[in-house]
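Some notes on the structure that comes next.
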Amino acid sequence: MIRNDLPYQKMVLVCTHEREPHKRVCCRRNGGDALREKLKSMVKARGLKPCIRVSASGCLDKCEEGPNLLILPDNIWCSHVEEEDLEAILTALEADINTGNDETGRAV
């Protein structure tokens with residue numbers, strides 16, 4: 001095994017897990033796919049692809065609070081995310097990259 005640092009300054013994992021209908025709720029049916037696609041296009045439009053990676057994730061086991069996303073390496077968990085939230089999330093990530101701080105204000 002080769003252990004590496006993150007290849008991006010920020011990684012955003014968006015839950016897109018899907019469960020069988022009539023089972024426990026899931027982020028995919030609550031809009032996880034659409035959020036991931038929208039955030040990916042926003043990152044690309046701002047020229048931030050070299051700095052921010054947006055990826056689908058499997059179940060984060062907080063389905064009832066979804067859609068959920070996780071921001072690394074800041075360990076920030078966002079739940080009940082809606083499309084209207086993406087602008088603020090991306091603006092905060094971009095500011096963190098530009099200042100060298102994480103979302104909590106800690107130097108990175």
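Structure above, values below:
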read-out: Angle in degrees between helix 86-99 and the longest Cα principal axis of the chain, rounded to the nearest 10; value: 20
read-out: Principal axis box of the chain, alpha-carbon based, largest edge first, Å; value: 45, 38, 23
read-out: Nearest-20 debye value, the chain charge dipole, Cβ charges on Lys, Arg, Asp, Glu; value: 460
read-out: Principal-axis tilt of helix 32-45 within the chain, Cα atoms, nearest 10 degrees; value: 20
read-out: Spatially proximal aspartates and glutamates relative to K38 (Cα-Cα < 15 Å; intrachain offsets below 8 disregarded); value: E82, E83, E84, D85, E87
read-out: Hits among lysines - C-alpha to C-alpha of K44 under 23 Å, sequence gap 8 or more where chains match; value: K10
read-out: Ranking of V14, V54, V25 by count of other Cβ atoms within 10 Å, fewest first; value: V25, V54, V14
read-out: Cysteines having no other Cys beta carbon under 4.7 Å from their own, within the chain; value: C26, C51, C59, C63, C78
read-out: Residue-span extension gain [K49 to D5] - 0.36 nm each, minus C-alpha spacing; value: 14.1 nm
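Coordinate-derived values only; no laboratory data. Computed from a predicted model, the values in this text were never measured in an experiment. All Cβ positions, even for glycine, are placed from backbone atoms using ideal geometry, and neighbour counts span all protein chains on display.
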